[in-house]
Structures are given as C-alpha cells and as structure tokens.
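The structure appears right after this line, and notes come after that.
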Amino acid sequence: MNLRLTKKRAQILSVLQKHHGMLSVKDIHARLPDVDLVTIYRNLDLFVKEKMIKEVHLGTEEAQYEYQTEPHHHAVCTECERVIHFTAPDDKLKKVLGLKNFVVDEIEVTVRGTCKSKNQS
C-alpha cells in the first residue's frame, strides 16, 4: 500500500517520532487537541498495519504506540511501572524458542520484574 501522508497523519507520526518512547492515544491527543480521537485511532491502526509504528501492550492499561528507529524489546518494573528498552538478537531468540515447522516473522519480548532501585531498598 502506498500511504498518502495527509496533514493530520504527518502530525500524528511527528508526535511519535519526536517523543522517543511510547505514547497512549490520550497522550497523543493531549499534544494534538485539534485532531479528534477517532482520527487518531484510525491513523494509528493504519500506521501499525503498515509497520510504521509498533503497538505495545505492557499491562492492563490501554495500548501504547511507539516509533522505533530500530527493533527492541521492553522490561517493565511491576512496582514503579518504569519501562526499560533493550535489544536482543532475533536469531538467538529464534534458536532459544526452538519452534519447529514455524516461520517467525517478528519477536516481541516483554519482561516483567522490579527495577534495581526497588530491590536496593
């Protein structure tokens, strides 16, 4: 699909690119109050489908959206909800998974635990 970058699409994408992290729909709407929520949701769905951004579910909260310059994974502190971004080689992860007769297109890892600052208390 050849995605036409309208003014509102460009605004939404720009917010995600400049943030360097994850944003919820509410966060995006707060930065773009003139863009209605339906437009934001519709365009985020389109961006995810086109693999321009990632939709990340880290817990019971609403989905978070992230523009990734390089693929990475997430570690979430269950105490303070801090999110740590980390990379891990997909080829090694595929080996560890050991899935036979299955072609892995994408790997998304979310690790949960407590961050070091909580463990030192």
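The values are calculated or read from the model by the stated rules, or taken from the named source; none is laboratory data. All values reported here derive from a predicted model rather than from experimental measurement. Note: ideal-geometry Cβ built from the backbone for every residue, glycine included; neighbour counts use all protein chains shown. For accessibility, only protein heavy atoms count, side chains too; no ligands or nucleic acids. Shrake-Rupley method; radii C 1.70, N 1.55, O 1.52, S 1.80 Å.
Details
- The GluC sites (Glu not before Pro) of segment 25-75 that meet both conditions, a loop assignment by DSSP and at most 12 other Cβ atoms within 10 Å of the site Cβ, are E50, E61, E62.
- Residue-normalised convex hull volume from the C-alpha trace of segment 1-46: 76 Å³ per residue.
- Where both bridge residues fall in the chain, DSSP classifies roughly 70% of the beta bridges as antiparallel.
- Label-point separation, Y41 to D90 (7 Å along Cα→Cβ), nm: 3.0
- Summary of packing: across the peptides 6-17, 74-85, the per-residue average of other C-beta atoms within 10 Å ranks them, highest first, as 6-17, 74-85.
- On the chain, 51 percent of the accessible area sits on carbon and sulfur atoms, based on a 1.4 Å probe.
- Between helix 7-19 and the chain: long-axis angle, C-alpha atoms, 0 to 90°, nearest 10: 30
- Distance violations [Cα-Cα > 21 Å] among K51/K92; K8/K51; K26/K116; K54/K100: K51/K92; K26/K116; K54/K100
- Where segment 31-121 is the region considered: accessible area per residue in Å², 1.4 Å probe: 74
- Inter-probe distance in nm under a simple model that places probes 7 Å from Cα toward Cβ, at A75 and A10: 4.0
- Each helix, a run of at least 4 DSSP H residues, gives -39500 (n - 2.57); summed and divided by the residues of the chain, these come to -10500 deg cm²/dmol at 222 nm.
- Here, segment 14-97 yields an orientationally averaged convex hull projection of 6.7 nm² when only Cα atoms define the hull.
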